[in-house]
Structure formats: structure tokens, C-alpha cells
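One structure is given below, encoded as C-alpha cells.
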């Protein structure tokens, strides 16, 4: 015995619900879709831009800004790729900022030691 259960095109045959192809496609898309978007690392990118390396931080901000727009457009792989790129460029910018700071500190210490050894601070 066939009868329609509701307007979503589900129907029941012998008290067992069956779904048509459209409903199966929608269910598969809902199963395959991740539940939450990947992290966009926008705050990390902005902090790297302000405190460490502006150029690499801007690259990271561009990728971070693409994450949510790609996610909302349904491009889940693109959103994941943009998230990974944003994180990568933020860490590269952070590492380069730390490297420049370390080099600057070492050179400053050598300058102070050279000045002390030459008697430049003889008061």
C-alpha cells in the first residue's frame, strides 16, 4: 500500500519510509558538509601585520579573509586551503619578525661591546 507521508516527497511502502533521489542528494550533501568552517586566523594575521612583518601579514590577511566567503559559497576545499595558507603565512611572518628582532639585538650588543672595548663610554 502506497501513501504520501508529507510534502517533502517521502512516501511509505508497507510502513517503511522511502526517499526519492532529491532527498537522498540533499541528505548526502548535509552528511558530506563539515559542520563548522575552518579557523580563519584573522586575528593572528592582524597581530603579525602590526608587530612583526607587514608584507607577510598582509598576505595572511588576504587568505584569512577568503576563508568565510569560500565557506559560505560552498567551496569547502577552497576554504580549508585558504585557512591553511593564512596560518602558514602568519607563522612565516611571525618567524621572520622574531628573526629580525634577534639579529637586531645581537648587533646592538656587539655595538655596545665594541664601544666599551674602545673606551667610547669613558665618562
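The values are calculated or read from the model by the stated rules, or taken from the named source; none is laboratory data. All of these numbers come straight from a predicted model, not from anything done at the bench. Cβ sites come from the backbone with ideal geometry, for glycine too, and all protein chains shown count toward neighbours.
Brief remarks follow.
- Among the residues making up region 40-54, those that are free of Cβ contacts under 8 Å to residues at least 24 places away in the same chain and closer than 21 Å to residue 81 by Cβ are 43, 46.
- Verdict on residue 8 being at pLDDT below 95, surrounded by 12 or more Cβ atoms within 10 Å (Cβ to Cβ) and either assigned to a helix (DSSP H, G or I) or in contact with a helix residue (DSSP H, G or I) (Cβ under 7 Å, 6 or more places away or on another chain) (or both): yes
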